[in-house]
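The values are calculated or read from the model by the stated rules, or taken from the named source; none is laboratory data. Just so it is clear, the model here is predicted, and its values are computed rather than measured. Don't worry about glycine lacking a Cβ; one is built from the backbone with ideal geometry, like all the others, and counts go over all protein chains shown.
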Amino acid sequence: MSKPRIAILGAGPVGLEAALAAAEGGYPFTVYEAAPSAGGNVRSWGHVRMFTPWDLNVSPRMRRRIEAPSGSECPTGRELAERLLDPIATLRDVAPNLRLGTRVLSLGREGLLKHEEIANAERGRRPFRILLSDGEREWTDRADVVIDATGTYGNPNRLGDAGIPAPGERSLDSEIRRQIPDFGREASDWAGRTVLLVGAGHSAQTAVRELAQLPGTRVIWVLRHPEPGWGTHEGDPLPERARLAAEAQSLASGSSPAVEVRRGMAVEELSRPNGKIEVTLRNGSSSERVAVDRVLSLTGFVGDHELYRQLQVHECYATCGPIKLSAALLGAAAGDCLAQTSHGADTLMNPEPGFFILGIKSYGRNNTFLMRVGWEQVSEVFGALG
């Protein structure tokens, strides 16, 4: 009996781990990556240094195949891509199956719609139909198993209150930055400007630390919660994460005259009436209007479930991850990412046979995701495939 054909969506750390597992198991597989190189999302934040050291970013399976870096040094995203992902992508049993510059647009079951053959084994007998694009043409491929390892980084949350666009936000989309800028290269674009920064997570903490050091820059830092959690805790095992959080808390407490904090506020509206961007901030019934030169929205990311809207996927109503996995995590009060573990192949199963969501996208939230969990998920899926 022939082994199932596997489609792996995304050539980041988890997608390439799945590729190695498929190659080891003798499965026919194809990896689709929208970027021109492996790890496209990782490279987009290549200038940012990670919290986790090499020893926590290289799987045992990867170490068996390449001479990977080790030790306690924390790599940048660029170093992770160039020293880990690129060597894996060029392996003899991976490279021929890697389709770079190929974006997955949509998934479905050949001959079926979402509402047909509900909980029926017939769905598993039909191949997946995958719509692809290289920017110039579109075509379809087929697969028996699909592993979605696309992550969340390419789908930022909106700036407005309740996670929906603030009035005027969409008209200013081209001017709103939603990823951490490379301030080393772009200092002249941010120095001496008034910047609205929204978000309290690690990305926003990284940005405010850099912005506060630029000459003449004024930062209006909007925090949705009056007292953010800052993503760390006493005895944090990741020193760089703890250091970043401590510096951010200090800046939020007024240690730099360049940073003005607005606690417990939401972005109500944006407009550009006279050259500057005018932003209305709201705190309950009171509001404030500020004029800024730049807007930096670092409010987290969410997976793109439009990819599989024609599949029978049972999503968690709170996280958009697979419902069984989300229930296990929420029930266990997962806590720090380093304490998180995978919860078995069964929690990754969907009503749609042969469809798996792995990596940070499966957790339905953006945190300092420990690579180990993604590796464990890969091993569990291939164990279930037999």
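Side notes on the structure shown:
- Note on the stretch 1-82: enclosed helices (runs of 4 or more DSSP H) holding 2 or more residues that are in the same structural domain as Gly101 (by TED's automatic domain parsing), over 21 Å from Pro181 (Cα atoms) and not hydroxyl-bearing (Ser, Thr, Tyr) are 13-25, 60-65.
- Candidate set: the stretch 153-201, residues that are part of a loop (DSSP other than H, G, I, E, B) and β-branched (Val, Ile, Thr); chosen: the one nearest to the chain's Cα centre (by Cα): Ile180
- Scanning the stretch 128-146 for residues that are assigned to a loop (DSSP other than H, G, I, E, B), touching a strand residue (DSSP E or B) at 6+ places or on another chain (Cβ under 9 Å), without any contact (Cβ under 8 Å) to a residue 60 or more places away in the chain and not small (Gly, Ala, Ser) yields a total of 1.
- If you go through the stretch 264-297 and keep only what is touching a Leu at 6+ places or on another chain (Cβ under 8 Å) and of a type in the set (Asp, Glu), you end up with Glu268, Glu278, Glu288.
- Qualifying residue in the stretch 1-8 (condition: in contact with a Leu (Cβ under 7 Å, 6 or more places away or on another chain), at pLDDT below 95 and not polar (S, T, N, Q)): no
- Members of the stretch 155-177 that are crowded, with 19+ Cβ neighbours inside 10 Å and either modelled with pLDDT under 90 or within 24 Å of Met50 (Cβ to Cβ) (or both): Pro156
- So Thr194, is it crowded, with 20+ Cβ neighbours inside 10 Å and either touching a residue at least 24 places away in the same chain (Cβ under 8 Å) or not assigned by TED's automatic domain parsing to the domain that holds Glu306 (or both): no
- Screening the candidates Thr206, Thr232, Thr150 for the property of being in contact with a helix residue (DSSP H, G or I) (Cβ under 7 Å, 6 or more places away or on another chain) and either closer than 18 Å to Arg262 by Cα or not in a loop (DSSP other than H, G, I, E, B) (or both) yields one hit, Thr206.
- The set of residues from the stretch 87-96 being in contact (Cβ under 8 Å) with a residue 24 or more places away in the chain and either buried (at least 16 other Cβ atoms within 10 Å of the Cβ) or of a type in the set (A, V, I, L, M, F, W, C) (or both) comprises Ile88, Ala89, Leu91, Val94.
- For the residues Gly108, Gly101, Gly39, Gly77, the requirement of being in contact (Cβ under 8 Å) with a residue 24 or more places away in the chain, crowded, with 16+ Cβ neighbours inside 10 Å and at positive phi singles out Gly39.
- Qualifying residue in the stretch 138-154 (condition: at pLDDT below 95, more than 22 Å from Val208 (Cβ to Cβ) and of a type in the set (D, E, K, R)): yes
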